[in-house]
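Okay, so here's the structure we're looking at.
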Amino acid sequence: MTTPVEPATRKRVLKVIFFSLLLDLISFTFILPLFPKLLEFYRNVEAPLDPSAPPSKTLLSNVLGYLNTYKAAFARPIDSRYDIVLLGGALGSLFSLLQAIASPIIGHFSDRYGRRTALLLSMTGNILSVLLWVMATDFRTFLASRIVGGLSEGNVQLATAIATDISDPSKRGSTMALIGACFSIAFTFGPALGAWLSSFSTVAANPFATAAGVSLTLIVVETLYLYFCLPETLPALTQNTGPTGAQVNVNGTETTPEEKNKPAAATHVATAVQRTNSHFLLNLTHLTFLLFFSGMEFSLPFMTYDLFAYDSAKNGRLLGFVGLIASILQGGVIRRLPPLLSVRIGVVACLLAFIMLGRITSVGGLYGAATLLATTSATVVTGLNALSSFESHEGERGGKLGMLRSWGQLGRGLGPVLFTSVYWWAGREVAYGIGALGMSWVALLVLYALKTPPGSERVKTAKVAEEKKEL
C-alpha cells in the first residue's frame, strides 16, 4: 500500500505542478495565433505566389504542391486563403500523431525511473524544440522544431501522474480539475500574449523571434523551477529511504544513490486493482470524443468566416471567451463533481453544441454554442484522466495515462483532416450533423457503458472545505 502523503507535502507539490504547468502551457499557446502569419512568412520567402517568380524547390513548396492536389479533390472549390490554415492544421495533426507515439513511452519510463526524471528529460526536449523555433529562419528548421516538440512533450501526462500519486481517491477529481484549470487559464491569456509579442520584430530573418525567445525563457525558468522544487512522487521510489546526502523524495525523506539508480519496477510490488472500467473502453471513449471534438474545433474559423466574416481578432475573442468560461467552471463547479458525472455533462454539452453549430444564423447563437464548448473543455478530458487513474495501480499509472493520452492524440491528429474534408465536400449542415451522430455514440458510451469507480464519489462533504484550504 502507498504511504499517505502529508497534507502540507501535497499542497506544496500541487503548487509546483500548477505553476510549472501554467508556464508550460502559456509558452505552448504563444504560437497558436501566430501560425497563419508565421506560415505565410515562410511561404512568401520559399514558395511565393507571384507567377513571375522563378519556381522554388524547397520543402515548403513540395508540401504546398501536395496540399493543392488534396484541395483539387473536393467538389467545392477551396479559396487559396485557406492554404495557410490547412497547412497549419497539417502541422497540428503531425504534432498530435507524434504525441500518440511518444506518450506511452514517456509514461512507461516514468513508471520505471520516476516522474521527476521523466519530466526533466521531457523539458530538455522542449527547450531544444523552442530553441529551434528561435533559430527558424526557414520552414525546414521550423518543421524540425515541431517534430522535436511532438516527440518530447510529456508535461501534461506527467503532471497528471504526479497529481494522482499524491492524491487519495476522494480528492483526485478536484486535483484533475486543477490541472484542467491550467489549460483554461493558459488558453485565455497565452494566445493574446503571443500575438502581442509578435508585434516586436527584433530579427529580420525571423520576425517571430521575440515571441519564440520569451517562450524559450518561460521553458527554461520552468525547468529550473522543477529541478529545484519538484520532489519525486512515484510511490515505488518515495518509499525507499536512505541516509543524508541522497535525493529527497516527496515525503521529505532521502533516497540512497543505489536506490536512486534502481528502476522502480525492481523495488515495487504492484497492488491489485479491482477495475470498474476497462482501459480499452476509456481509451476508445477518449479517441472517439477527440476525433469529433477536435474536428469541430478546427472547423470553427472557417465557419465563423463564412457565416459572420470573422477575422483573426474576432476569432481570438471567441476563443478567449471559451477559455474564460472554462476557467470559471473548473474553479467553481467541476472540481466538486465526481469524474464520471463531469464527463457525462461535458459530452452532452458537446452534442448540443454540434446540433447548434449546424443550425445557427446569429452571433448570439454562436456564443451560446461556445458556452457549451467551454463546458466540454472544462470537463471531459480532465474527467477521463481521473477515471483512468482509478483503474491503475501506482506502478503502472504513468503508462496507463500515457496510453490514454496516446489514443486521444490519435483522434486529435485525424479529426481535423476528416471533419474538414466532410465540411468542404458536403457543407456545414452535413458535417455538423455527422459530428452530432458521432458525439451521440460517445454519449451512449459515457452514459451506459462507463461506471463509477469505488472511491471516486464524495464521501464526506467536509472534504470540500479541506480542499479549499489546500488549493
Tell me, what % of the accessible area of the range 346-422 is carbon and sulfur with a 1.4 angstrom probe? 69 percent
Give the shape of the range 91-152 as rounded, prolate or oblate, defined through the alpha-carbon gyration tensor: a ≥ b ≥ c are the square roots of its eigenvalues, a/c under 1.5 means rounded, and otherwise the shape is prolate if a/b is larger than b/c and oblate if not. oblate
Distance histogram for the range 105-243 (every C-alpha pair counted, 10 angstrom bins, percent rounded to whole numbers): 11, 32, 34, 16, 6, 1
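Kindly rank 400-406, 225-231, 139-145, 370-376 from highest to lowest mean number of other beta carbons found within 10 Å of each residue.
Final packing ranking: 400-406, 370-376, 139-145, 225-231.
Sort 409-416, 117-124 by packing, meaning the average of other beta carbons within 10 Å per residue, with the highest value first.
Numbers: 409-416: 23.8, 117-124: 20.6.
The densest-packed peptide leads the list: 409-416, 117-124.
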Quickly rank 439-449, 187-197 as a protection proxy: mean count of other C-beta atoms within 10 Å, highest first. 187-197, 439-449
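The values are calculated or read from the model by the stated rules, or taken from the named source; none is laboratory data. All figures in this text were calculated on a predicted structure; none of them were measured in a lab. Note that we place each Cβ from the backbone using ideal geometry, even for glycine, and neighbour counts take in every protein chain shown. Heads up: the accessible areas ignore ligands, DNA and RNA and are worked out on the full protein's heavy atoms, side chains in. Shrake-Rupley method; radii C 1.70, N 1.55, O 1.52, S 1.80 Å.
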